[in-house]
Every structure is written in structure tokens, then in C-alpha cells.
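For reference, the structure discussed in these notes is given below.
The values are calculated or read from the model by the stated rules, or taken from the named source; none is laboratory data. Here the structure is a predicted model, which is why all the values come from computation and not from measurement. Because the Cβ atoms are built from the backbone with ideal geometry, glycine has one as well, and the counts that use them run over all protein chains shown. When the accessible area is computed, the model is the full protein with side chains, heavy atoms only, and any ligands, DNA or RNA have been set aside. Shrake-Rupley method; radii C 1.70, N 1.55, O 1.52, S 1.80 Å.
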Amino acid sequence: MISGSRRCINLIVLVLATGVCAAPHPGTIAPRKGDEIVVAGQFVHTGTPVVLWMDPGGYDAYRVERRFSPWDKSDFDDSQKEVKELSRPNRYMLREDGLTPEQLEKVRGGGWDLATLQQMVDQFVIHYDVSGTSRQCFKILHDRRDLSVHFMLDVDGTIYQTLDLKEQALHASGANTRSVGVEIANMGAYPVNGKNPFDEWYQRTNGQTRLTIPARFGDGGVRTPKFAGKPARAEMVRGKIHGQDLVQYDFTPQQYAALAKLTATLCTVLPRIECKYPTDAAGKLIAGKLSDDQLENYHGVLGHYHLTASKLDPGPAFDWDYVIGTARRLMANAVPKKTKASR
């Protein structure tokens, strides 16, 4: 007969050997690091600050009421009367293209698994919001335009996720069912010598350029207190999209750093999104719409202007090489190197 103490020792050895740990006590709060995005119900680390729709200060695209109207006038019936563009309670849809009838029946109630989502999503679409801040972006998309996007990236580098990636956000027309989208806070690109809002949003002093949120927006909802934003390049960037000669102020360094980490995360957890941008035969960025055949067969990161000739985002200032190059390095560094002994 084995004594009680001996059984206890055997149990401890078994736990150490198998890695089995005691179950958490009921009511224990599961820890989070604050860098997680949600992919088919699973938390995935990014290495950069993320505010989820369920977090304090988050933006919830699952809600049917308007976020920034008076509460007693925010329900959908009142909203539809006041905002004619609002045609449906939900600003998102079910990803259904390519699903078998059996898969559709499984996921229609929310029962997505990561493997199914990985089969469907193969594009990451980059937008600028022409709103200036993520708070204003959500107000325009959700409260006024009947639209949505999975991520918003504010001027201080904070990422806001508004929907689980299993949902089809309404951000890129024909690419919605196969894509994830991000709106980056930036006032956009405009024709050279044309009208633009830059004097209101940027201040030039002694060769330096500072982001200045107009007073009517208060602090803009920027999460970092007293954030002093600057574009990555002080001078306006000039370039062509669809052959149009445009100028644009660059995104902030904080936005670039966060976006590179988000891109690396998405290309890892949704591996059909290849970590690349559209290039021609010479390896140069395609600064215009892709053909229908190119789009159908493209798996990777792309701009809104690659999808349609009516869009210019993310504009000529967007540094594709930095974002994709940094994301690739992050992905490479995350893969454990094999030793001779492990080969």
C-alpha cells in the first residue's frame, strides 16, 4: 500500500512532468497585457498598445445605436430618421463568400474557428481616415456613414479594434469578404496647389512641423495625455497616385511603429496575407489600381487605391518599405532559430 505522503509526492512529480497546473479559482480574472487583438475569439499578442471594443475607451462597432448622439436619440429608429445614410442596424456582415453550406451553418451563430478564418482572409487593406483622429473616424463611419473597419490607428500609435476579425467590416467594397482593414488617422492627400486642410491641422515653426488638432475637437480623444505629434518627415511629401500629382503630410513615427507590429501579427496569424505590397515587374510599388485579375490573385498588404481608381489612400507619403520591411524583420525574429542539435 502506498502511503498518503508517497501519493502526494507522486502527484507533484506528475504535475511537474506534464506541466498540468491546478485550475484557477472561480472568479479569478484572467490577465491581459493590453496588446491583444481578437481573432476568431482568440487573444493574439501584437507587442503594441491595443484598445478593444470591450475595453474602457474603446469603440464598439457591434452596437446599433450611434456612439456620439444624445443617448435618448441614439437608438436605430431615431438614428435612421436623423441620418438618412443609415440603412441597417448592423455596420458589419457575415463573411460568407467561399463557405460551404455546412460551414455557413456552423459560423452563422458566431461559431468561427481560426482555421476557417485563415482560409478566407488574404488581404490587409490600408486606409487613411481624412478625419484626423480615431475618435472622429469612428463618429463618421459608425454614426453617419453606415460603415465599419476592424482597426483604427490614432496619431499617438494607439490601435483600436472595433470588431473581431471573423466579422466582415464594411470598408473596402468588393474586398470586404476577404480582407482586414485599418483606418490610419491622417488628413489625406490633395492635388498640388489645390485646396487642403493642412493649415488647420499642421503648424510649421523653425523647420519643424507639429500636428495641431483643431480646437473644436478638444483633445481629439487621443489616449496619450498631451501628445505632441509630428509627421515622420517635416516637409510635405509629393507623389503620384493614379497619375495625379499629390501632396500629403506623413504619418507619425508612432503610427508607423504600431502598424508594422500589427502587420507582422496579421501576416502571422492569418498566413494567407503575405507580408508584401503590390509591385510591378521591376519590383517597384504600383501606385494605382490593380487589374481585376491582379486583385483576384493578390494575397498581401495593399492600399485602398489598389482596389479602386476613386480612392487615394494611404497616399504618396505612406512608407511601404518601412512598414513591410519592419514587419518582415519582426516575423523573422519571432521564429526560433534551429541549433545543430535540433536539426
Separation of alpha-carbon centers, the stretch 300-319 and the stretch 182-258, rounded to whole Å: 17
Inter-label distance for ALA281 and TYR62, nm, one decimal - labels placed 7 Å from Cα along Cα-to-Cβ: 5.0
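Can you list, largest first and rounded to whole Å, the semi-axes you get for the stretch 144-213 by taking the square root of 5 times each eigenvalue of its Cα gyration tensor?
On the way: eigenvalues 185, 48, 17 Å².
After scaling each eigenvalue by five and taking roots: 30, 16, 9 Å.
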Between helix 320-334 and the chain: long-axis angle, C-alpha atoms, 0 to 90°, nearest 10: 10
The stretch 115-157 residues near the modelled GLU82 label - backbone nitrogen below 12 Å, point 7 Å along Cα→Cβ: 143-144
Positive-end residue of ASN333, ALA317, ASN297, charge dipole of the stretch 258-337 with Cβ unit charges: ASN333
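Note the full-extension length gain between HIS242 and SER173 as 0.36 nm times their separation in residues minus their Cα-Cα distance, in nm to one decimal.
Working: separation 69, 0.36 × 69 = 24.84 nm, distance 1.87 nm.
Full extension from HIS242 to SER173 adds 23.0 nm.
If Lys and Arg each add +1 and Asp and Glu each add -1, what is the summed charge of the other residues whose beta carbon sits under 14 Å from the beta carbon of CYS275? Display every interim value, and only then the final one.
On the way: positive: LYS261, ARG272, LYS276, ARG328, ARG329; negative: ASP122, GLU274, ASP321.
Result for the neighbourhood of CYS275: +2.
Based on DSSP, what percent of beta bridges with both residues in the chain are antiparallel, to the nearest 5? If you can, show how the numbers build up before the last one.
Numbers: 23 of 39 bridges.
Just about 60 percent of them are antiparallel.
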Most positive-pole-ward Cα, LEU259, GLY174, PRO197, against dipole of the chain from beta carbon charges: LEU259
Nearest-ten-degree value, helix 4-18 long axis tilted from longest Cα axis of the chain: 30
Two-site label geometry, ARG329 and GLU96: point separation in nm, points 7 Å out along Cα→Cβ: 4.5
Portion, in percent, of the accessible area of the stretch 84-191 that falls on carbon or sulfur, probe 1.4 Å: 49
For the chain, Kirkwood radius (reciprocal of mean inverse C-alpha pair distance, Å): 22.1
